[in-house]
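The values are calculated or read from the model by the stated rules, or taken from the named source; none is laboratory data. All values reported here derive from a predicted model rather than from experimental measurement. Every residue, glycine as well, gets a Cβ built from its backbone with ideal geometry; the counts of neighbours run over all protein chains shown. SASA here: full protein model, heavy atoms, side chains in, ligands and nucleic acids out. Shrake-Rupley method; radii C 1.70, N 1.55, O 1.52, S 1.80 Å.
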Amino acid sequence: MAVAPGWWRRAWDHDLAWSFRRSPVTIVATLLTLACFGGAAFAPWLAPHNPFDLATLNLGDAFAPPAWIEGGQPRFVLGTDDQGRDVLSTIMHGARISLGVGLAAVAFSALLGVSLGLLCGYVGGRLDAFVMRVADIQLSFPAILIALLVDGVARVALPRETHDSIAIPVLIFSIGISGWVQYARTVRGSTLVEKNREYVQAARVIGRGPVAIMVHHVLPNVMGPVLVIGTIHIGTAIITEATLSFLGVGLPPTQPSLGTLIRVGNDFLFSGEWWITVFPGLALIVLVLSVNLLGDWLRDALNPKLR
Amino acid sequence: MPIDRDNRPLVRLIAVGRDFDVSRPWLNRVLEGAPRQLLRAVDGVSLEVQRGETLALVGESGCGKSTVARLIVGLYPASQGRIEFDGVDLASPGAFALRRRMQMIFQDPYASLNPRWRVRDIVAEPIRVLKLMASEREVAARVAELLQQVGLVADDGEKYPHEFSGGQRQRISIARALSGNPEFLVCDEPTSALDVSVQAQILNLMTDLQQRLGLTYLFISHNLAVVSHIADRVGVMYLGRLVETAAADDLFARPRHPYTRMLLDAIPDLEMTGKPRTPVAGEVPNPLDPPAGCAFHPRCPHANERCRSERPQAIASGSALVACHAVTEGRLQD
Amino acid sequence: MSAPLLEVRDLRVEFPTRRGTLVAVDGASLAIAPGEVLGVVGESGAGKSITGMAIIGLIEPPGRIAAGEIRFEGERIDRLPYEQMRRIRGRRIGAIFQDPLTSLNPLFTVGEQLTETILAHLEVTPAAARARALALLAEVGIPAPEGRIDHYPHQFSGGMRQRVVIALALAAEPRLIIADEPTTALDVSIQAQIIALLKRLARDHGTAVMLITHDMGVIAETADRVAVMYAGRIAEVGPVREVIHAPRHPYTTGLMGSIPKVAAPHGAPGAASAGRKRVPLAQIEGAMPRLNAIPQGCAFNPRCPRRFDRCLTERPELVAVGTNHVACWLYADRPR
């Protein structure tokens, strides 16, 4: 392809790429993030065991310690849990669910927040006043409380037998709805600045409608901060999901996320089988930390004042 | 210059006014008992722009000249009066189609181009929005032609705005304005953000394009030297009102309104004739609370009782229209 | 000419960036005599503001003075530690910037800022400092200063604020004022007031002024001598009348030609003619080079209508041509 070298050169030469190359922490964080995402996304193919295939489970394997400890078995590197499931495999499958829920919640939050922020900033008036007051009210509750509330309402409102099957969508909705305010406020602020810039006026003189201007002109120019917030929000969303699951209102043990694994393993912490809860906890820390480091770098790299 | 047989002015403003609501937010008004506050940015402006001419509007910052520009292109609706384009009221339902016959060039070449768009898409936007061409191949050819017309090369279309200097960006702006084949261009301080040598390039380009394409310009500027170079007729604005309208040569040779005289006296004297520049006392009053009578009376050396109470109307004085009691009463000598 | 108050010799200011080193000022030399107003003109990127910043020691890192020296009253000031430079700034060299709002602290009244500056630099009692502040405000033309001295900057209009900044710059009776685009943010009618004020004060106090601006009109009215800068270098220096009416450097010629003039001088009888013929403005083709890609030889050569081989390879130095000094090979073989 003839354009490829030009495109590659451009990307390589971009300020972002340059700042990336100069930050070893970011490179490590990116590698870790990629490893976590890869391990989680391809868990069914990469994991040594399938923890959900009841046929392969053997209660005799239960409570095996990690491989390097006396009594450990080489086929269970990080040991097994109370039902004989391989801890490494449950972590990979759990991370898959955690990440899936986290990403989906962020996408939902961002979509809602960006749309509302864009609309409020561009249209202004009563709509803006109303939405922003709602945002103020929501901000006075902790995010986790909102997620708990939405989750609780959904549990009461929906028939009991559907709970397990709709647990994931409910969780995504409740985490997502608790995070839109930040996107909306940021986007609204940038939109207020952008809509008065002359290129927007030029588009209006040409005769473009408000929706076209919002989508084609304003949106691309307010997405920078959204990217930063989104990246950092992934970490927060995963933690929120883990907290909900740890409290028992998130995902059921049949679809365990990292939070569920930590809660289940917690019961065995004091009876000596520490690995059942510590390794999922470590995985959660590494995942969230590397995503956050990435987000911090992105925030600094996109901020012209710090360059 | 192609002159239309039709003598009807292309653009006509009849007693146009524009108010801006500068009140505090609703909640503050209720809590603090503050009243609604309106700022009259444009106040009873009447003018005509003839086909093929350049009419310049001059005045200091806050005099409402940019607001007039935005009223004409429809960025704001007028609060009072009416604006006609080619004889049709722009507020009437059928006037939307007329809008495509006018375009605007903005002051800040760094803000007037969307930084995320390629130049070719920026220039092609009017063509696509107005559906002037069917195929993308035609659009590309037209964009290349436009870029060459404003002194750029066709390959520049692939680049982004940040790769260009201020003057080149202003050329891109002009190419975008021309791409919808307009007859009338509203130019809001198109060169005041540019260096003088670049300003000369842009002014020459605009003059050249006007002659080749038979364009009509409304040229907004605070720089009288630029205005004297490019304008056929000049309107002088002060605090939202039009105080004098005259042919450019006439205005610079024989300014009538005291404010026009003051502005001309304040032009830096590049010829160094030794003529002392007369610093004018005072500053523009707060537009929220404009003086009664003639808005200029607090700074005017010729003001009398009538000027302080009665607002002067624009009255013909020679070939010019002047809103000044002193001029109509003959109190002011040339 | 008496011994110069300020002397800048071969000043070079660099800004290292990842896309190469930007040479903002490249071997600029100039001198200002006591009480003289030196205009420095040039288009954006010519290095005129950076030269001013270098003199008052306010180059923002990573920018740095890479070569050359700056002498003020015979003393070298380009290598002074920050504290010492800070004492010179304000006391002996005053500064006025384009935007008066950035020079004033919004949280203090105008009087507080003036008395603080006076007390910091002069040995007077607070009461005397306040009296002096009042006198200064009156001197810069602020009506009823007793009523205005306790106002905050935002309560002043743009023109009045710039007057306050000038009062602040004058507070410690400096010998030199660096005025960087002092009138650019103001309306024409206010500009005339500020220029007249600056001129009068410089004369009354014997203060030298380095007036940095892109506006040739302001220079024509105010300056005694003018230096024209292009791409970080000085193209031409001379008495203001000579530079404006008989420019020697092709860049100065082009610059002067590109300024629109008011067609019929105000008051000329019978100048109103029916037919208008528009003469195009003289125009310099192309644009100022990027500061990381200044051409070899004379920096102006790609745009110069009179260039020849030597201009492409060798860099011209300033040579005396009549009353002016010009950096151009056209004048190389003239007798000095």
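Details
- Qualifying residue in region C:236-253 (condition: among the small types (Gly, Ala, Ser) and touching a helix residue (DSSP H, G or I) at 6+ places or on another chain (Cβ under 8 Å)): no
- Filter result for the condition that a residue is under 19 Å from C:VAL110 (Cβ atoms), modelled with pLDDT of 85 or more and not in a loop (DSSP other than H, G, I, E, B), over C:VAL209, C:VAL164, C:VAL226: C:VAL164
- Taken together, the residues in region A:191-222 that are within 30 Å of the chain's Cα centre (by Cα), open to solvent by 30 Å² or more (accessible area, probe 1.4 Å) and in contact (Cβ under 8 Å) with a residue 40 or more places away in the chain amount to 2.
- Taken across region A:226-242, residues that are out of contact with any strand residue (DSSP E or B) (no Cβ under 7 Å at 6 or more places or on another chain) and within 14 Å of chain B (Cβ to nearest Cβ) do occur, with at least one present.
- For B:HIS257, the conditions (1) open to solvent by 20 Å² or more (accessible area, probe 1.4 Å); (2) in the same structural domain as B:GLY59 (by TED's automatic domain parsing) all hold with the exception of (1).
- Scanning region B:67-104 for residues that are under 20 Å from B:LEU213 (Cβ atoms) and in a loop (DSSP other than H, G, I, E, B) returns B:VAL73, B:ASP86, B:ARG100, B:ARG101.
- Boolean, C:VAL218 is among the hydrophobic types (A, V, I, L, M, F, W, C), open to solvent by less than 10 Å² (accessible area, probe 1.4 Å), under 30 Å from C:GLY74 (Cα atoms) and facing chain B (nearest Cβ under 9 Å): yes
- Listed conditions (1) more than 14 Å from chain B (Cβ to nearest Cβ); (2) more than 27 Å from the chain's Cα centre (by Cα); (3) crowded, with 17+ Cβ neighbours inside 10 Å are all met by A:GLU161, apart from (3).
- Members of region B:113-132 found to be more than 12 Å from every other protein chain (Cβ to nearest Cβ) and either in contact with a Ser or Thr (Cβ under 7 Å, 6 or more places away or on another chain) or open to solvent by less than 60 Å² (accessible area, probe 1.4 Å) (or both), listed by number: B:VAL119
- Number of the exception - B:ARG137 against (1) outside any helix (DSSP H, G or I); (2) away from chain A (no Cβ under 11 Å); (3) open to solvent by 50 Å² or more (accessible area, probe 1.4 Å): (1)
- Matching entry among C:THR183, C:THR117 (being at pLDDT below 90, of a type outside the set (A, V, I, L, M), assigned to a helix (DSSP H, G or I) and buried (at least 21 other Cβ atoms within 10 Å of the Cβ)): C:THR117
- Evaluated against (1) open to solvent by less than 40 Å² (accessible area, probe 1.4 Å); (2) under 30 Å from A:VAL187 (Cβ atoms), A:ASP15 falls short on exactly one condition, (1).
- When residues of region A:239-297 are limited to those that are under 24 Å from A:PHE76 (Cα atoms) and charged (D, E, K, R), the one most open to solvent (accessible area, probe 1.4 Å): A:ASP267
- Across region B:39-46, not a single residue is classified as crowded, with 21+ Cβ neighbours inside 10 Å, assigned by TED's automatic domain parsing to the domain that holds B:LEU90 and in contact with a His (Cβ under 9 Å, 6 or more places away or on another chain).
- Selected residue (criterion: modelled with the highest pLDDT) from residues of region B:81-105 that are within 14 Å of chain A (Cβ to nearest Cβ) and open to solvent by 40 Å² or more (accessible area, probe 1.4 Å): B:ARG101
- Qualifying residue in region B:69-78 (condition: within 11 Å of chain A (Cβ to nearest Cβ), closer than 20 Å to B:VAL236 by Cβ, at pLDDT 90 or above and open to solvent by 10 Å² or more (accessible area, probe 1.4 Å)): yes
- Pairing each residue of region C:194-205 that is within 15 Å of C:ILE142 (Cα to Cα) with any residue that is part of a helix (DSSP H, G or I) and of a type in the set (Gly, Ala, Ser), provided the two are 6+ apart or on different chains, yields C-beta distances under 9 Å for C:ILE194/C:GLY159.
- Inside region C:75-98, residues that are more than 25 Å from C:ASP26 (Cβ to Cβ), open to solvent by less than 70 Å² (accessible area, probe 1.4 Å) and part of a loop (DSSP other than H, G, I, E, B) make up a count of 1.
- Of everything in region C:27-49 that is buried (at least 24 other Cβ atoms within 10 Å of the Cβ) and either within 16 Å of C:PRO295 (Cβ to Cβ) or free of Cβ contacts under 8 Å to residues at least 60 places away in the same chain (or both), the residue that is nearest to the other protein chains (Cβ to nearest Cβ) is C:ALA46.
- Residue count for region C:308-336 under the criterion of being farther than 21 Å from C:GLU43 by Cα, in contact (Cβ under 8 Å) with a residue 40 or more places away in the chain and not in a helix (DSSP H, G or I): the result is 3.
- No other residue among B:THR207, B:THR191, B:THR216 is among the polar types (S, T, N, Q) and closer than 21 Å to B:PRO9 by Cβ apart from B:THR216.
- Residue, surrounded by the fewest Cβ atoms within 10 Å (Cβ to Cβ), within region B:260-288, restricted to residues that are more than 7 Å from chain C (Cβ to nearest Cβ) and modelled with pLDDT of 85 or more: B:ARG261
- Matching entry among A:LEU145, A:LEU171 (being at pLDDT below 90 and open to solvent by less than 10 Å² (accessible area, probe 1.4 Å)): A:LEU171
- Selected residue [in contact (Cβ under 8 Å) with a residue 40 or more places away in the chain, within 9 Å of chain C (Cβ to nearest Cβ) and not in a loop (DSSP other than H, G, I, E, B)] from B:ALA225, B:ALA200: B:ALA225
- Test: residue in region C:121-137 that is surrounded by 16 or more Cβ atoms within 10 Å (Cβ to Cβ) and within 23 Å of C:GLY39 (Cβ to Cβ): no
- From the list B:LEU218, B:LEU194, B:LEU205, B:LEU242, the one residue that fits, being crowded, with 22+ Cβ neighbours inside 10 Å, in contact (Cβ under 8 Å) with a residue 12 or more places away in the chain, within 11 Å of chain C (Cβ to nearest Cβ) and under 30 Å from B:LEU178 (Cα atoms), is B:LEU194.
- Any hit, region A:20-27, residues being in contact with a strand residue (DSSP E or B) (Cβ under 6 Å, 6 or more places away or on another chain), in a helix (DSSP H, G or I), farther than 24 Å from A:ALA237 by Cα and without any contact (Cβ under 8 Å) to a residue 24 or more places away in the chain: no
- Screening C:TYR251 against (1) facing another protein chain (nearest Cβ under 10 Å); (2) at pLDDT 90 or above; (3) open to solvent by 20 Å² or more (accessible area, probe 1.4 Å) leaves a single unmet condition, (3).
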